[in-house]
Each structure stands twice: as C-alpha cells, then as structure tokens.
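So the structure is just underneath, and the comments pick up after that.
Where a number appears in this text, it was derived from the coordinates with a stated rule and is not lab data. Just so it is clear, the model here is predicted, and its values are computed rather than measured. Methodologically, a virtual Cβ is constructed for each residue, glycine included, from the backbone with ideal geometry; neighbour enumeration extends over all protein chains shown.
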Amino acid sequence: MAQEALYMISTLSQKCYTARKDEVSYGFPTLCDKMLTLTISIRELLLMGQDDNALCLFRVFMEACELGVVSLFEDNFTEYIELQDDPVNQKKFWSRNIAKGNIYVVLKKILDSIDFPEDMKNSYINVHRQRKDYISGSIHLNAGSILRGSTVPSYIHKDYFVSSTLGHVSLQAPSIYYGVLDELYYFSLVLTQSVRAENIPNLFRDMAEHNEYRFAIKSLLYFQEVYNRFDDRIVELIETDRE
C-alpha cells in the first residue's frame, strides 16, 4: 500500500518534470523514485536474511526521505547539490545545510512553513534523528549473520547454486520493516499537509492539473489511516527489538 502511494507520487512528479523541465526541478521526482527502489530492495534483502545489508539501505532510505522533503520546497536545492563544476561550493553547501545534523534545522523550517502540528513535528524530527543515529552504529556485521549466506544447491541444475529468497528472516527484520513504514508515514504527512498549506510547492500546483493527482493524494491519506490503526503495535515491535 505504501509502495503504491509512493509509486503514484513518483510517476506523477516525473510527468510534471518531463512537461516543464525548464521550470520544475528533477530533485523530488528522482528522490521519490530512489525511495521506491530502496523499499523494494530492503524487502528482498530481508527475505534473504541479509538484515545487515538491509540496515545499510535503510540508512540511505532515511536520507532520501530527508532530501525528498527539502527538494520539494527548495527550488534551488538540486542545483546546489549538482555543482559538478564547482566542488568547493558544493562541499560548502553540503556542510552548511545537510551534514552534521544541519538537515534537521532545514526540515524544521519547512515544517514550520506548512503549519505542521507541533507535537507531530517534534516527534518526526526527534524519532527520525534517534533512529538514524541508532542505525549508524548498527550497520556492521553481527554474530548472528556474519556466516549467513543465501545460496542453496539447485534442485533442477546439478552442481549449480541458486539464491534463496525464502531463507533466514531474523528477529531484526520486523523493526526494519516498520521503520520504513514509519518514515513513509511522516513523509506522506508532509506531502498531504503541504497541499493544505498556503505556500503549496510549485510542483504540486503542476501535479494538480493531472487526473491522477486526486487519486494519489487519496492513496496517501488511506495509507495514513491504516497506519494509525496499527501505530501502537508498530512502536511496540520496534522498541522490543531495540531492547
């Protein structure tokens, strides 16, 4: 469900960028596509029991969520990141606006600009930051998976091995699954709240001209409704796994 909603937003934003390349930044469509790819990749890795590798991708996924929000509201954001001919200024921009926790200052300003609820704003930034720090210290191989592989002898082709997609599912898998859902939930909240705000992003103004726009927003709202029904259970599973 979350992937379907993200897919619709991604394809719709790609349409808008293709139609008005000179006026619309490609940052948000590209990052949405990256988030979608990462969610699928994380799921496949977890099915193969590769939770260490899934954690690494989850860390990248969280950064993509951050940059996705920023790129939606900052028109020049993508241009600054892509300063290939000016690496000095590119590094300065990255250090000033993204690295060393500076991204949270930028996120807070954006959430303030769309009248994001105060309690949810603090929860979003604080939980996101804690989760990101937690994952950063947990991406090394652990004793439970250091010798784990995902290849098994082939039943069809003698002397060949194949990759097993129904292998070892670790106890860490649920927290990664629900962590991804939690990040997507807050990401979707920012998108739906920005639609209600006075300073609606330019990209969303273009998206509103397409027939799929209303259905895409409804999909986000439906995902939020379903998530809220199971929110307590999700938090319980995440905290249990951390302990």
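Side notes on the structure shown:
- Simple label model, 7 Å out from Cα along Cβ direction - residue 108 to residue 212, nm: 3.7 nm
- For the set 15/121; 34/108; 34/132; 109/132; 92/121, the pairs lying more than 25 angstrom apart at their alpha carbons are 15/121; 92/121.
- Extension reserve of the residue 229-residue 196 stretch, reckoned as 0.36 nm per residue once the Cα distance is removed: 9.6 nm
- Highest mean first, the peptides 97-103, 201-207 sorted by other C-beta atoms within 10 Å per residue fall in the order 201-207, 97-103.
- The length gained on full extension between residue 122 and residue 7, counted as 0.36 nm times the residue separation minus their Cα-Cα distance, comes to 38.7 nm.
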